[in-house]
1. So which pairs qualify, if the first residue must be in the stretch 53-79 and touching a residue at least 12 places away in the same chain (Cβ under 8 Å), the second must be part of a helix (DSSP H, G or I) and exposed (fewer than 10 other Cβ atoms within 10 Å of the Cβ), the Cβ gap must be under 9 Å, and the two must be at least 6 apart or on different chains?
2. Quick one: in the stretch 33-79, which of the residues that are over 30 Å from Lys8 (Cα atoms) and among the polar types (S, T, N, Q) is nearest to the chain's Cα centre (by Cα)?
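Taken together, the values in this text are just the output of simple stated rules run on the coordinates, not laboratory data. Since the structure is predicted, the reported quantities are computational estimates derived from the model, not experimental observations. We place every Cβ from the backbone using ideal geometry, glycine too, and count neighbours over all the protein chains shown.
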Amino acid sequence: MIALRQIKRVPKNHKIVIEVPDTIQENQLMEVILLCKELPENDKANKIEQLRDSRHDPLFLNDMQIISDDFANVDSEGW
């Protein structure tokens with residue numbers, strides 16, 4: 001069995017062309033499976049809501065504290 005992976009975007013006409021390598025023989029039986037990924041929610045309102053929620057996220061707050069501690073010496077120096 002040979003497994004090939006191709007990632008395509010769905011065009012307006014909703015038709016996708018699959019490119020088959022020359023090493024695969026003509027008339028060979030193939031099984032095509034479509035796995036559709038969910039679109040990420042990238043709208044502005046969602047991003048703002050995620051930023052608001054981060055104020056109470058313990059993992060995020062812990063990461064921010066670690067970063068702040070890493071730069072504590074630099075912050076105390078006079079420029």
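1. As it stands, the answer is none, since no pair meets every condition given.
2. Ser54
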